[in-house]
Amino acid sequence: MSTTAMTLLADYRIPDFLIEKTHLTFELHEGYTDVSSQLSMVRNPKGDQAAHAVLHGEQLELLALAINDRALQPTDYQCTAHTLTIYNVEERFVLHCKTRIYPEKNTALEGLYRSSGMYCTQCEAEGFRKITYYLDRPDVMSEFDTIIIADEGAFSVMLSNGNCLSDRIENGKRIVHWHDPFKKPSYLFALVSGNLSCLEDRFVTQSGRDVLLQIYTEAKDQDKCDFAMQSLKNAMRWDEEVYGREYDLDRFMIVAVDDFNMGVMENKGLNIFNTSCVLAHPKSTTDAAFQRVESVVAHEYFHNWSGNRVTCRDWFQLSLKEGLTVYRDEEFSAAMNSCAVKRIEDASFMRSVQFVEDAGPMAHPVRPESYLEISNFYTMTIYEKGAEVVRMLANILGPKDYRKGTDLYFSRFDGQAVTCDDFVACMEEVSAKDLRQFRLWYAQAGTPQLHISDSYDVARQQYRLNVRQSTPPTAGQAVKQALHIPLKLALYGKQGAQTLIIEGVNYGMETVIDISQAEQTLVFDNISEKPVPSLLRGFSAPVKVHYDYQLAQLQQLALLDSDGFCRWDAMQGLMRNVLNARIEGGDHTAAQVVLIATLKQLLERFSTMDAALLACLLTLPSEQYLASFYDAANPAVIGQERAALHYHIAVELQAQWQHCYDALAGNVQGLSAEAMAARSLRNTALSYLLDMDSAQYRSMAMQQFAQADNMTNQFAALKALVHAEHAQLEAKQALQAFYQQWQHDALVVNMWLQVQATRPWGDTLLLVHELLQHAAFDGSNPNKLRAVIAAFAQQNFIQFHRADGAAYQFLAEQIADIDQRNPQIAARLLTPLTHWQQFVAPHGALMRAALASLTERQLSKDVYEVVSKSLTVN
Ligand SMILES: [Zn+2]
């Protein structure tokens, strides 16, 4: 195993040198690329007055090095595997450097790489140092000027950041010159050269500037960009209206690339997207994927301010840009679609994925203290929990002060690299609120828990809520302090929500209580009956709430609560009551009767409810989420009992499912929010109906599959068939037809792979081995790896946790292999094995053994960090 030193937040030092201007020239040749750089460097007046300049650089062939046009002698500098040190430099100097790189051989997809003939970059976090020697750290911001040279006619487009100054032909070479007037760190540099088509549009900003919008894709995909373009325009308008942020360059470009590690990259003026996040067409794209395109396009656009104009001082501050930008995209999506459903999806994701991360070996604060490989910290905690922290701030301040705070933040720090603390300080300054305790959210890892109990005093008409908070220890943080937790709540009586009166003050029907002590008691006056508390409304903080609800109380909230999240949470509570009893071998009958009765009532009012919300309410908690409640989870029992309850609900409510399915048949065409909601509900009904071994339902699904005019309906039918063991014959036919129809569309082929890798019955591991051999699979493409290996390990709970541990070993072997080519992706695939300590014997031990087997291999820093941290936890 490799060993490398950890990078520590405490070791941060401001840069010794700055780069005022960066001139780059790329000469693209078959087989290699020469990069000439000209860096106007100056000693940082605030720095340590170092005599030597130390630049980052990896895997570079140094061809020439000069200062102010004087070639350097070997005694003037030293080159190691990671750095270039130039001795005794002046106060100001221009460094000329020429390096050779090999984009064709770059399978790690970091820096400049070439795939399918096209040149593309990925520089965040530390990829730029694989292009040329540089101060590759986010707090060195520079003005970039880029020239790309290639054979005339070799590429239809040659792009870089900023505005295009010239594009000319000279001696058989095409020379394109780009200039980005806004200072930026090297991680935001981008270059693209390839043969691409372009969809163009225009946007006039609020101050009247005319901006050219371009989306570049392969020619075959040009008809799938309209939705992304519309989403981009919506996002530009929304950011002007809600945050007062206007676009700054003459053009904004998006390029879609098939081979891409990240989802997307927000390079200044030239965003690079994984095709899966930009292409959308009703025939080939599901509704969920449409919504993902909308939110991702917006997210990357929003980075132009939250990330690019104001960036991170160091990578420990990653959440400064990501948490804020995720919060911004969540609010945008909520405005474009159903608010309640968006909040449920975000909360559900937090609980089933981020809470698990926060309880595992990779647990870290929103602002981590140390890392070995920064690529491993593009996590749910940095992104999603970081967004929840910004949301809490926004709620604590209220909309007016929050906007004042972001205005101050953007104006004060424009063109600078700053910290999470700088952001909070702006919020503090505009609101005069004391946020000292709130800052702990950035420093303390782990999911806080609220234990809530209550009592009611009839004589005094008083209701008391006792709230006790605690945060479990995490690696390196044994003792936790009390946090500032905004707890939004309401109290329901028989007649609906009660007025909340605390110490004589009337707070209306709903209020936010600031929980700041380890234990505190809230007293509500003038309460005429014992109420049902509706807690953590809108998922007002990323915490776990423990309150001992009676079944009837959960039923009441599930049917009547005006808060979508609490309604869904009450349904999840009812379902978990049944499932826990089943899993633990207790008596589940009473809870199950209440659950079925509640589901029945909900289904009977489907025509008067938000269908998308109803579909959420009808969905069982995932196996992963259920497992997270146990110290020694038994995956086989969890999988089996969840499936048994699913079947029971299908049978008990067969008539209601059927009625719902039939009645919605006419509402499921088109791309309106109503049609999407109807599809979501109708396909939920279909998945329950297919639980029953019935020729009628099989042919119903086959009919939906064959007649669908959109991917959502076609794929839902395919999935229902493939995942039903009794529908093997039909599934085989449908899979063949689907592949036949879509074999030329890479993104749809990924879905075809994924639906098989997630099949819950039979020997799916064997099937996965077959898929890896299929002509449609390509082990060098991250999307394909995600569609087969990640889908199997992360979305197929039952099959991944097969009793013999063969799937664990399979995953470890795949990771060892992928790590040779693409360490970032390999490290990400590891996640399921890192939760070994959560599972009962023999699973936990088998998972650990699979992880341990990796230590015998030569590992990248990326994989080594995750493996070693996971193994040291006991
Ligand atoms: Zn981002």
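Key figures for this structure:
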| read-out | value |
| --- | --- |
| Residue under evaluation ALA335, criteria (1) within 14 Å of the ligand (Cβ to nearest atom); (2) over 18 Å from the mean Cα position of the chain (by Cα); (3) not polar (S, T, N, Q), criterion not met | (1) |
| Among residues of the stretch 769-803, those that are in contact with a Phe, Trp or Tyr (Cβ under 7 Å, 6 or more places away or on another chain), closer than 26 Å to VAL257 by Cβ and at pLDDT 95 or above, counted | 5 |
| Yes/no for LYS342 being within 16 Å of the ligand (Cβ to nearest atom) and at pLDDT 95 or above | no |
| Near pairs, Cβ below 6 angstrom, 6+ apart or cross-chain, from the stretch 263-277 (touching a residue at least 60 places away in the same chain (Cβ under 8 Å) and away from the ligand (no atom under 13 Å from the Cβ)) to any residue that is of a type in the set (Asp, Glu) and not in a loop (DSSP other than H, G, I, E, B) | LYS268/ASP180 |
| Options ILE501, ILE513: the member that is over 30 Å from SER870 (Cα atoms) and open to solvent by 30 Å² or more (accessible area, probe 1.4 Å) | ILE501 |
| The one condition in (1) open to solvent by 30 Å² or more (accessible area, probe 1.4 Å); (2) closer than 30 Å to ALA280 by Cβ; (3) outside any helix (DSSP H, G or I) that PRO621 fails to fulfil | (1) |
| Selected residue [assigned to a helix (DSSP H, G or I), of a type in the set (Lys, Arg) and closer than 20 Å to LEU372 by Cβ] from ARG828, ARG848, ARG786, ARG857 | ARG828 |
| Counted residues, the stretch 164-196 - those being open to solvent by less than 30 Å² (accessible area, probe 1.4 Å) and either over 28 Å from the mean Cα position of the chain (by Cα) or of a type outside the set (Val, Ile, Thr) (or both) | 15 |
| Pick from the stretch 372-414, criterion open to solvent by 40 Å² or more (accessible area, probe 1.4 Å) and of a type in the set (Lys, Arg), ranking: farthest from the ligand (Cβ to nearest atom) | LYS400 |
| Options ALA298, ALA280; residue that is surrounded by 24 or more Cβ atoms within 10 Å (Cβ to Cβ), outside any strand (DSSP E or B) and within 12 Å of the ligand (Cβ to nearest atom) | ALA298 |
| The stretch 312-326, subset more than 12 Å from the ligand (Cβ to nearest atom) and not in a helix (DSSP H, G or I), residue most open to solvent (accessible area, probe 1.4 Å) | ARG313 |
| Near pairs, Cβ below 7 angstrom, 6+ apart or cross-chain, from the stretch 66-94 (more than 22 Å from ILE131 (Cβ to Cβ)) to any residue that is open to solvent by less than 60 Å² (accessible area, probe 1.4 Å) and not in a strand (DSSP E or B) | TYR87/ASP76; ASN88/ALA51 |
| Count - residues of the stretch 420-430 that are touching a helix residue (DSSP H, G or I) at 6+ places or on another chain (Cβ under 7 Å) and either basic (Lys, Arg) or open to solvent by 20 Å² or more (accessible area, probe 1.4 Å) (or both) | 2 |
| One residue from GLN520, GLN550 being out of contact with any Gly (no Cβ under 8 Å at 6 or more places or on another chain) and open to solvent by 50 Å² or more (accessible area, probe 1.4 Å) | GLN550 |
| Identity of the residue in the stretch 563-594, out of contact with any Lys or Arg (no Cβ under 9 Å at 6 or more places or on another chain) and basic (Lys, Arg), that ends up most open to solvent (accessible area, probe 1.4 Å) | ARG576 |
| Flag if GLY269 is among the small types (Gly, Ala, Ser), crowded, with 24+ Cβ neighbours inside 10 Å and over 17 Å from the mean Cα position of the chain (by Cα) | yes |
| Cβ-Cβ under 7 Å pairs, at least 6 apart or on other chains, the stretch 285-301 side in contact (Cβ under 8 Å) with a residue 12 or more places away in the chain, far side of a type in the set (Lys, Arg) and more than 16 Å from the ligand (Cβ to nearest atom) | ASP287/ARG679 |
| All positions within the stretch 253-266 that are over 17 Å from MET118 (Cα atoms) and surrounded by 22 or more Cβ atoms within 10 Å (Cβ to Cβ) | GLU266 |
| Residues of the stretch 726-768 satisfying the condition of being hydroxyl-bearing (Ser, Thr, Tyr) and over 18 Å from GLN814 (Cα atoms) | TYR739 |
| Test: residue in the stretch 356-368 that is assigned to a loop (DSSP other than H, G, I, E, B), touching a helix residue (DSSP H, G or I) at 6+ places or on another chain (Cβ under 7 Å) and either within 16 Å of the ligand (Cβ to nearest atom) or basic (Lys, Arg) (or both) | yes |
| Candidates ALA490, ALA518 - the one that is among the small types (Gly, Ala, Ser) and under 28 Å from LEU560 (Cα atoms) | ALA490 |
| Failed criterion for TYR507 (all others in (1) farther than 17 Å from VAL389 by Cα; (2) surrounded by 14 or more Cβ atoms within 10 Å (Cβ to Cβ); (3) in contact (Cβ under 8 Å) with a residue 24 or more places away in the chain hold) | (3) |
| Residue satisfying condition, being within 28 Å of VAL192 (Cβ to Cβ) and either open to solvent by 60 Å² or more (accessible area, probe 1.4 Å) or in contact with a helix residue (DSSP H, G or I) (Cβ under 9 Å, 6 or more places away or on another chain) (or both), within set THR107, THR99, THR80 | THR107 |
| Strands (runs of 3 or more DSSP E) within the stretch 1-63 that include 1 or more residues open to solvent by 50 Å² or more (accessible area, probe 1.4 Å) and farther than 30 Å from ARG174 by Cβ | 17-29, 53-56 |
| Filter result (open to solvent by 20 Å² or more (accessible area, probe 1.4 Å) and in contact (Cβ under 8 Å) with a residue 24 or more places away in the chain) within the stretch 842-857 | PRO842, LEU846, ALA849, SER853, THR855, ARG857 |
| Conditions (1) within 11 Å of the ligand (Cβ to nearest atom); (2) open to solvent by less than 10 Å² (accessible area, probe 1.4 Å); number of the one not met by MET350 | (1) |
| Selection within the stretch 668-698 - polar (S, T, N, Q), touching a residue at least 12 places away in the same chain (Cβ under 8 Å) and open to solvent by 40 Å² or more (accessible area, probe 1.4 Å) | GLN669, SER680, SER687 |
| Flag for SER306 being of a type in the set (Gly, Ala, Ser), within 14 Å of the ligand (Cβ to nearest atom), within 13 Å of the chain's Cα centre (by Cα) and at negative phi | no |
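The values are calculated or read from the model by the stated rules, or taken from the named source; none is laboratory data. Computed from a predicted model, the values in this text were never measured in an experiment. Positions of Cβ are generated from backbone atoms using ideal geometry, with glycine treated the same way; all protein chains shown enter the neighbour counts. The accessibility values were calculated without ligands, DNA or RNA, using every heavy atom of the protein model including side chains. Shrake-Rupley method; radii C 1.70, N 1.55, O 1.52, S 1.80 Å.
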